There are 2 protein chains.
Amino acid sequence: MRTEVEIINIGDELLIGQVVNTNASWMGSLLSQNGFYVKTIKAIADSAEAIESALDYATKNAQVVLLSGGLGPTKDDITKKVLAKYFDSEMYFNEQSYENIARLFYSRGFPVSDDNRLQAFLPVKAQAIPNRNGTAYGMWFEKDNTVIVSMPGVPFEMKTMMEKEVLPRLKARFSVEVYHQKVIMTTGLGESMLAKEIEAEENALPDYIKLAYLPKPGFVRLRLSARGTDDEQLKSELEYHTSQIVSRLGEKVVYGFDEESLEQVLGNLLLNKRLTVSTAESCTGGTIAQTLTTKAGSSAYFLGGIVSYSNEAKMQLLGVDKVLIDKFGAVSKEVVEQMAKGGQQAFKSDYCIATSGIAGPGGGTDEKPVGTTWIALAGPEGIVSAKYSLGEDRGRNIFRASTIALNMLRMAIIEGND
Amino acid sequence: MRTEVEIINIGDELLIGQVVNTNASWMGSLLSQNGFYVKTIKAIADSAEAIESALDYATKNAQVVLLSGGLGPTKDDITKKVLAKYFDSEMYFNEQSYENIARLFYSRGFPVSDDNRLQAFLPVKAQAIPNRNGTAYGMWFEKDNTVIVSMPGVPFEMKTMMEKEVLPRLKARFSVEVYHQKVIMTTGLGESMLAKEIEAEENALPDYIKLAYLPKPGFVRLRLSARGTDDEQLKSELEYHTSQIVSRLGEKVVYGFDEESLEQVLGNLLLNKRLTVSTAESCTGGTIAQTLTTKAGSSAYFLGGIVSYSNEAKMQLLGVDKVLIDKFGAVSKEVVEQMAKGGQQAFKSDYCIATSGIAGPGGGTDEKPVGTTWIALAGPEGIVSAKYSLGEDRGRNIFRASTIALNMLRMAIIEGND
């Protein structure tokens with residue numbers, strides 16, 4: 001039995017784009033993983049009309065309605081008043097809530113303010129939900145078999161209230177579905193190419209396992225999600241279909257699972273094999289070094305990098321021949337390979353990744369349009385390089401070139417051990 | 001006259017919390033700034049039922065309904081089909097859309113796939129909206145004086161489509177309130193410090209000018225927004241209050257306006273003064289070079305950088321004395337100043353920015369805890385350096401150190417000319 005949830009986040013700041021609604025995604029994630037079905041997420045204004053109209057709709061369309069926001073002590077916090085009126089409820093002074101408010105104030109060395117004392121008044125028709133981290137208690141209403149819970153909007157307060165109070169009560173009150181998911185992390189192929197590649201595997205999925213393509217620059221995440229009743233069966237089916245897709249795509253495309261980043265996977269590979277790497281970047285301008293060093297502990301395998309943006313720097317620091325630059329241009333197989341070799345020698349690293357391309361928007365020619373990018377990898381067995389045509393957007397070119405280069409290194413390490 | 005907008009973002013990934021709905025806040029911000037009133041933001045499932053029910057509700061409650069998501073080439077992308085059915089519309093082959101798809105494929109050296117060819121079929125009843133950055137065209141429907149626009153969910157595609165195509169048409173079609181805003185870009189002070197600093201200026205604001213503090217790592221944007229009817233009056237008042245705040249904070253804190261990035265402002269300064277810069281980075285791992293090179297045309301002033309993650313690299317490539325590393329440690333005034341000097345010489349640049357610190361989470365000691373960061377700047381008049389205690393989070397440490405370093409260079413250039 002599917003229990004449907006509607007999340008309503010209250011606050012003008014969400015509508016004018018001042019605050020990104022991370023509460024919603026956090027709640028959605030927690031609820032889904034606990035077998036609830038999140039049907040709608042809605043952000044609305046701090047107005048009685050908006051809240052009432054959202055409640056009218058939600059109580060007809062979901063069994064659980066979760067509200068966050070508008071419970072603070074200031075004038076623009078109207079949720080409690082609107083709910084009391086909506087459920088036609090008197091208010092009462094909740095001793096427990098007051099003690100909680102007093103405790104929070106005293107711990108900071110302040111007396112309770114009048115505005116905060118008012119927070120201890122709660123609607124008679126609601127069950128009071130403790131707030132361990134703040135002054136605003138939550139409220140649990142029931143109407144025609146629908147549960148409506150109002151929580152504070154402060155993420156830190158809402159999260160603890162959800163985890164410790166609301167979710168356990170919801171699980172006791174409603175039956176939930178079994179839910180499992182697996183995310184396959186891929187790089188190098190766009191959505192439509194991936195879809196073509198795994199067409200047979202996708203067609204073989206049963207109804208209750210869904211596949212979603214979630215692209216972000218340089219990557220596509222393939223999310224398999226299974227819902228149903230039989231825990232063991234779902235798990236093993238999910239595993240089976242995941243492995244079918246992974247073996248079809250191969251490890252050049254599938255670099256990891258469940259939100260792992262490419263630099264994490266690569267870093268672990270380098271650590272395990274006790275290998276070191278350096279970078280010699282032109283068009284990527286330091287992005288590969290920056291990406292490698294986002295991982296804690298990367299100093300164990302990343303020795304350093306040279307960003308040789310000028311031809312001078314390519315010659316002086318990486319030993320690129322002026323003759324080659326003059327003859328083939330800086331964006332060429334010859335130059336990028338010398339850069340990789342030069343970096344490998346300068347840092348005495350096992351591998352060196354080099355890039356040279358036209359990131360744009362200027363600098364393109366008919367022969368070498370914007371997006372033309374050479375990537376080279378110097379390694380223990382020699383140098384390999386390849387040319388890519390990446391597109392017209394500077395930021396994306398830089399990011400894609402970096403991703404391709406990191407994956408090239410990952411594959412070289414894996415294949416070097418076969 | 002208020003024009004009310006409902007935003008509907010389509011995608012299971014939003015409901016299960018896998019993706020944070022940044023499209024919504026971006027659209028909300030753009031629309032508000034252009035005088036539209038965003039009434040509701042809704043995230044719904046990739047299902048015909050959910051889309052139809054959301055359309056039923058939205059078309060009754062708003063004059064503009066903006067949808068994003070579900071226009072991709074794969075099976076889970078159903079928005080176009082659902083809309084065609086909802087508006088009872090036949091499909092036709094749109095030549096322009098096909099040419100756009102073909103152009104995107106050919107530029108990457110691929111033929112158009114069958115799935116992507118299908119994207120060129122559009123509903124007869126919709127006006128086709130070009131997509132400069134992707135294969136999915138947008139669709140503009142009208143029904144009972146309500147405009148319904150469907151856009152792709154990929155942020156990069158949606159944003160360009162909103163800015164270049166949808167917003168101009170909406171502004172031509174609907175009347176909007178007079179709205180002006182000015183964003184003051186600041187760096188170096190946190191929200192509460194800023195608030196204290198400009199308390200008097202904030203209290204002097206009239207009702208119809210609102211001040212919002214919008215923090216992001218390393219920066220706080222101060223957004224002054226004015227709504228009303230008298231265009232000229234609003235503009236001049238906004239200018240006056242902006243200048244009051246700016247002169248209170250000074251140019252070390254205020255680096256620019258209206259979403260300018262620090263690297264844009266700095267890049268323009270370097271260009272105008274015909275100065276060059278290089279980098280010698282340790283703890284920031286290439287982030288400063290990467291940030292400088294995000295700006296198109298940065299090769300005119302950025303000569304290159306060295307990421308000297310290992311002590312070896314600091315000695316070999318930047319000429320740091322081993323004696324100093326042994327005596328003071330790599331994270332020290334002595335070493336970071338030599339790094340700056342060494343980078344300046346290696347690249348023959350006017351300026352060189354150097355960083356050396358403990359980004360964490362490991363590597364901290366009692367004397368030099370995680371977050372300890374030295375930043376040096378070598379320039380035409382010599383070397384300056386300073387020590388910062390940045391905190392415990394690796395990612396934020398790296399980002400904050402980079403920001404401080406870039407602002408240090410900006411101030412040096414400005415002050416060098418006084």
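The values are calculated or read from the model by the stated rules, or taken from the named source; none is laboratory data. Since the model is a prediction, treat every value here as computed from it, not as a measurement. For neighbour counting, all protein chains shown are included, and Cβ atoms are generated from backbone atoms with ideal geometry for every residue, glycine included.
Descriptive notes on the structure:
- Hits in region A:191-204 (condition: over 18 Å from B:Gln18 (Cβ atoms) and touching a strand residue (DSSP E or B) at 6+ places or on another chain (Cβ under 6 Å)): A:Glu202
- With respect to being assigned to a helix (DSSP H, G or I), within 30 Å of A:Ser175 (Cβ to Cβ) and out of contact with any strand residue (DSSP E or B) (no Cβ under 7 Å at 6 or more places or on another chain), A:Glu263 falls outside the description.
- Test result for B:Ala226, free of Cβ contacts under 8 Å to residues at least 60 places away in the same chain, in contact with a Lys or Arg (Cβ under 6 Å, 6 or more places away or on another chain) and of a type outside the set (Phe, Trp, Tyr): no
- Taking region A:294-321 as the range and being within 30 Å of A:Asn268 (Cα to Cα), part of a loop (DSSP other than H, G, I, E, B) and facing another protein chain (nearest Cβ under 7 Å) as the test, the residues that pass are A:Thr294, A:Ala296, A:Gly297, A:Ser308, A:Tyr309.
- Among residues of region B:180-199, those that are away from chain A (no Cβ under 14 Å) and in contact (Cβ under 8 Å) with a residue 12 or more places away in the chain, counted: 13
- Spans of helices (runs of 4 or more DSSP H) in region B:1-83 with at least 3 residues modelled with pLDDT of 95 or more and farther than 30 Å from A:Ile209 by Cα: B:22-33
- Of the residues making up region A:13-24, those that are in contact (Cβ under 8 Å) with a residue 12 or more places away in the chain and crowded, with 19+ Cβ neighbours inside 10 Å are A:Leu14, A:Leu15, A:Asn21, A:Asn23, A:Ala24.
- A Cβ distance below 6 Å, combined with a sequence gap of six or more or placement on separate chains, defines the contacts here; from region B:390-404, residues that are within 12 Å of B:Thr355 (Cα to Cα) and of a type in the set (Gly, Ala, Ser) reach residues that are at pLDDT 95 or above and part of a helix (DSSP H, G or I) in the pairs B:Ser402/B:Thr287; B:Ser402/B:Ile288; B:Ser402/B:Thr291.
- Checking A:Leu189 against (1) part of a loop (DSSP other than H, G, I, E, B); (2) surrounded by fewer than 19 Cβ atoms within 10 Å (Cβ to Cβ); (3) not assigned by TED's automatic domain parsing to the domain that holds A:Val253, the condition it does not meet: (3)
- B:Pro206 meets all of the listed conditions (1) within 14 Å of chain A (Cβ to nearest Cβ); (2) part of a loop (DSSP other than H, G, I, E, B) but one, namely (1).
- Of all residues making up region B:80-110, the number that are within 28 Å of the chain's Cα centre (by Cα) and touching a residue at least 40 places away in the same chain (Cβ under 8 Å): 0
- Every residue from region A:307-326 that is surrounded by 16 or more Cβ atoms within 10 Å (Cβ to Cβ), hydrophobic (A, V, I, L, M, F, W, C) and over 30 Å from the mean Cα position of the chain (by Cα): A:Ala313, A:Met315, A:Leu317, A:Leu318, A:Val320, A:Leu324, A:Ile325
- Scanning region A:354-385 for residues that are on the phi > 0 side of the Ramachandran plot and either assigned to a strand (DSSP E or B) or touching a residue at least 60 places away in the same chain (Cβ under 8 Å) (or both) yields a single hit, A:Gly382.
- Residue match in region A:346-356 (condition: among the basic types (Lys, Arg) and either within 35 Å of the chain's Cα centre (by Cα) or within 13 Å of chain B (Cβ to nearest Cβ) (or both)): yes
- Any hit, region A:169-179, residues being assigned to a strand (DSSP E or B) and either more than 14 Å from chain B (Cβ to nearest Cβ) or touching a helix residue (DSSP H, G or I) at 6+ places or on another chain (Cβ under 7 Å) (or both): yes
- A:Ala330 within 35 Å of the chain's Cα centre (by Cα) and of a type in the set (A, V, I, L, M, F, W, C): no
- Only residues that are surrounded by fewer than 18 Cβ atoms within 10 Å (Cβ to Cβ) and not polar (S, T, N, Q) were counted across region A:220-237, and they come to 5.
- Members of region B:229-248 found to be more than 23 Å from the chain's Cα centre (by Cα) and in contact (Cβ under 8 Å) with a residue 24 or more places away in the chain, listed by number: B:Thr229, B:Asp230, B:Asp231, B:Leu234, B:Lys235, B:Glu237, B:Leu238, B:Glu239, B:His241, B:Gln244, B:Ile245, B:Arg248
Each row is one residue, and each column tells you yes or no for (1) more than 30 Å from A:Ser53 (Cβ to Cβ); (2) in contact with a strand residue (DSSP E or B) (Cβ under 7 Å, 6 or more places away or on another chain); (3) not in a loop (DSSP other than H, G, I, E, B).
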{"position": "A:Lys85", "(1), (2), (3)": "no, no, yes"}
{"position": "A:Asp88", "(1), (2), (3)": "no, no, no"}
{"position": "A:Tyr92", "(1), (2), (3)": "no, yes, yes"}
{"position": "A:Asn100", "(1), (2), (3)": "yes, no, yes"}
{"position": "A:Phe110", "(1), (2), (3)": "yes, no, no"}
{"position": "A:Leu122", "(1), (2), (3)": "no, yes, yes"}
{"position": "A:Lys125", "(1), (2), (3)": "no, yes, no"}
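- When the test is whether a residue is in a strand (DSSP E or B), more than 26 Å from the chain's Cα centre (by Cα) and buried (at least 19 other Cβ atoms within 10 Å of the Cβ), A:Ser150 passes it.
- Considering region B:245-264, the residues that are hydrophobic (A, V, I, L, M, F, W, C) and crowded, with 18+ Cβ neighbours inside 10 Å include one that is nearest to B:Leu406 (Cα to Cα), namely B:Leu262.
- In the set B:Tyr240, B:Tyr208, only one residue is in contact with a strand residue (DSSP E or B) (Cβ under 8 Å, 6 or more places away or on another chain) and of a type in the set (Phe, Trp, Tyr); that residue is B:Tyr208.
- Enumeration of residues in region B:40-54 that are within 7 Å of chain A (Cβ to nearest Cβ) and either closer than 22 Å to B:Arg173 by Cβ or not small (Gly, Ala, Ser) (or both): B:Thr40, B:Ile41, B:Lys42, B:Ile44
- The residues in region B:1-36 that are closer than 25 Å to A:Ala48 by Cβ and over 23 Å from the mean Cα position of the chain (by Cα) can be counted, and the count is 6.
- Only one of the listed residues (A:Thr279, A:Thr242) is surrounded by 19 or more Cβ atoms within 10 Å (Cβ to Cβ) and within 30 Å of B:Thr279 (Cβ to Cβ). That residue is A:Thr279.
- Against the conditions (1) part of a helix (DSSP H, G or I); (2) in contact with a strand residue (DSSP E or B) (Cβ under 9 Å, 6 or more places away or on another chain); (3) within 14 Å of chain A (Cβ to nearest Cβ), B:Thr160 satisfies every one except (2).
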